[in-house]
Amino acid sequence: MAHDGDEEADPSLAEFLALMNTAAGRVADFLSHATDRPIRAKHSVEEIQSRLSAYTFEGPIESAKALNDCADMLERWNLDTTHPRHFGWFNPSPHLTAVVASALVSAYNPQLAVWDVSPIGTEIELHLLRYLGNRLGFRSAEIDGAFTSGGAEANLTAILLALTKTIPQHGEQGLAGCAEPLVCYVSAECHRTVEKAAVIAGLGRGALRWLPVGTDGALRAATLKDAVDADRSAGRRPLLAVANVGSTNMGALDPLPEIADVCRDAGLWLHADAAWGGAAALSDKLRHLITGIEHADSVTIDPHKWLSMPLGVGVVLTRHPDLLHATFRVSAAYAAPRAVRDFYISSMQWSRRSCGLPLFLALAVDGRERTASRLDHQAEMAGLLRTQLHDEGWCLDNSSPFPVVCFHDNAAPNSSDEIAASVNSSGRAWITGTALPTGKQVLRACVTSFRTQRQDIEILVNELGCARRAVRANHQKTTGTKR
């Protein structure tokens, strides 16, 4: 492509095309040989820092060489969360269509602060928000929301919405606008981003009322009601309650219809933290598990969890139209608002990339049914894991219908961390340990990769068996006891 006075194509464009081809080749090779490499290789801080010390930035490095070196380092010194046997955190194998869409976003660089700057970027996200809200069961006329950087921002936004709704003068006076101490109700299984959000919002950790849960990790509606009644009697003002829709720790599902009844009767804002479990709204098989979420005042969903989007993209939805604008409205002479949606006055962020486009393109290419089939498949793989663990004599510690399994070795109940370390050192699978609300230490395996198949479950179970035998033998050797 020649420009005025140019005799040759723009060299930077030619370099870009070559670099993109190189990057695509590296990614394709990485994905096609994923199971041939350990999920996490051995590493040391000194080794990594030594490698990086060559980058002084005082002179240029040939682009393909630098790109390949970066890819080498990512493959060598990075936990491969895209691996089908990564059973650790909620980091999925990214949908490849979404990866391509992310490259489009970086290249076109749409700015979603003001509608006029990127009307298509803004309208794509509004279209997705309406779609997700409808799948949750919200009435079309009451859907409002925004894309966020993740669940932390979404949960913080929900608290700010609750403050604006409950204390109309909050936007002008802050917490000084409320004479009574405010209280937020969370369960022992609540994600700690809510604790961060309480601090950032100015409520402080002392405003959080941590409520006990049952053995299934779920909050009981009666427990919430008793706490609300006690606080009201003590002169405190209940602000909101957070219900878990698939907790991170053990996949707990709070009874949404019953909790919604308590919140409605008490005039309490109900926030559903469905960062992980909210994706079930797209599955006809799983949708019934989140019945009652349509009564929530706000909902968090993280597409970068169960919907296989690259990091980081979250969503906050609310049934209260225009409340986002009431919470975040500001004025700027250089960005005069119009009678359309400007995200800079209806969300926490100002300048923001189009994080909704990858989800839009992935849903457009696959359709809901194919998307749902991946969610259903992961739930089925977790069911298979649960069955195989039971058959191998492991003790199961949760019964979540979502794809997370907590378990332990009854013969060595305090060995979960040792077993996890042994499995992870093999490089063939990756799991984590966790603590249940009772304090009990267990192993935790979460199926978040749509690439996970039966053979991957079998490999994990085999590695767990090897680790268990090794830990038991070591215990017998060090203590002189037999099990």
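The values are calculated or read from the model by the stated rules, or taken from the named source; none is laboratory data. This structure is a prediction, so every number in the text was calculated from the model and none was measured. Don't worry about glycine lacking a Cβ; one is built from the backbone with ideal geometry, like all the others, and counts go over all protein chains shown.
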Report summary line: Scanning the range 207-216 for residues that are at pLDDT below 95 and not hydroxyl-bearing (S, T, Y), the one surrounded by the fewest Cβ atoms within 10 Å (Cβ to Cβ) turns out to be G214
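Tell me which residues, restricted to the range 296-313, are part of a strand (DSSP E or B) and in contact with a His (Cβ under 9 Å, 6 or more places away or on another chain).
Just the residues of the range 296-313 that are part of a strand (DSSP E or B), to begin with: 298-301.
If the condition is that a residue be part of a strand (DSSP E or B) and in contact with a His (Cβ under 9 Å, 6 or more places away or on another chain), then S298, V299, T300 are the ones that fit.
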Query raised in the report: Somewhere in the range 239-246, is a residue touching a residue at least 60 places away in the same chain (Cβ under 8 Å) and either in contact with a Lys or Arg (Cβ under 8 Å, 6 or more places away or on another chain) or under 28 Å from R386 (Cα atoms) (or both)?
Result: yes
Query raised in the report: Is it the case that V316 is β-branched (V, I, T), in a strand (DSSP E or B) and farther than 24 Å from P110 by Cα?
Result: no
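Sort through S351, S347 and tell me the only one that's part of a loop (DSSP other than H, G, I, E, B), assigned by TED's automatic domain parsing to the domain that holds G278, at pLDDT below 95 and surrounded by fewer than 17 Cβ atoms within 10 Å (Cβ to Cβ).
Numbers: S347 fails: surrounded by fewer than 17 Cβ atoms within 10 Å (Cβ to Cβ).
None of the other options fit; the residue is S351.
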Query - Odd one out for E369 among (1) under 22 Å from W306 (Cβ atoms); (2) surrounded by 16 or more Cβ atoms within 10 Å (Cβ to Cβ); (3) more than 18 Å from the chain's Cα centre (by Cα) - result: (2)
Query raised in the report: From the list A296, A275, which one is under 18 Å from the mean Cα position of the chain (by Cα), touching a residue at least 12 places away in the same chain (Cβ under 8 Å) and in the same structural domain as A146 (by TED's automatic domain parsing)?
Result: A275
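I want to confirm something. Restricting to the range 287-334 and keeping residues that are of a type in the set (A, V, I, L, M, F, W, C) and in contact with an Asp or Glu (Cβ under 7 Å, 6 or more places away or on another chain), which single residue is surrounded by the most Cβ atoms within 10 Å (Cβ to Cβ)? Full working, then the answer.
To start, the set of residues in the range 287-334 that are of a type in the set (A, V, I, L, M, F, W, C) comprises 289-290, 293, 296, 299, 301, 306-307, 309, 311, 313, 315-317, 323-324, 326, 328, 330, 332-333.
If we keep only those that are in contact with an Asp or Glu (Cβ under 7 Å, 6 or more places away or on another chain) as well, we get 323-324.
On the way: L323: 19, L324: 25.
Checking each candidate, the answer is L324.
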Query - Members of the range 391-425 found to be farther than 17 Å from I457 by Cα, crowded, with 21+ Cβ neighbours inside 10 Å and free of Cβ contacts under 8 Å to residues at least 40 places away in the same chain, listed by number - result: S416
Query raised in the report: Where in the range 140-224 are the helices (runs of 4 or more DSSP H), entirely inside, with at least 1 residues that are under 25 Å from T248 (Cβ atoms)?
Result: 151-166, 193-200
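So that you can scan it fast, the table gives a plain yes or no per residue for (1) at pLDDT 95 or above; (2) over 18 Å from A243 (Cβ atoms):
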| residue | (1), (2) |
| --- | --- |
| E142 | no, yes |
| E153 | yes, yes |
| L156 | yes, no |
| Q169 | no, yes |
| C178 | no, yes |
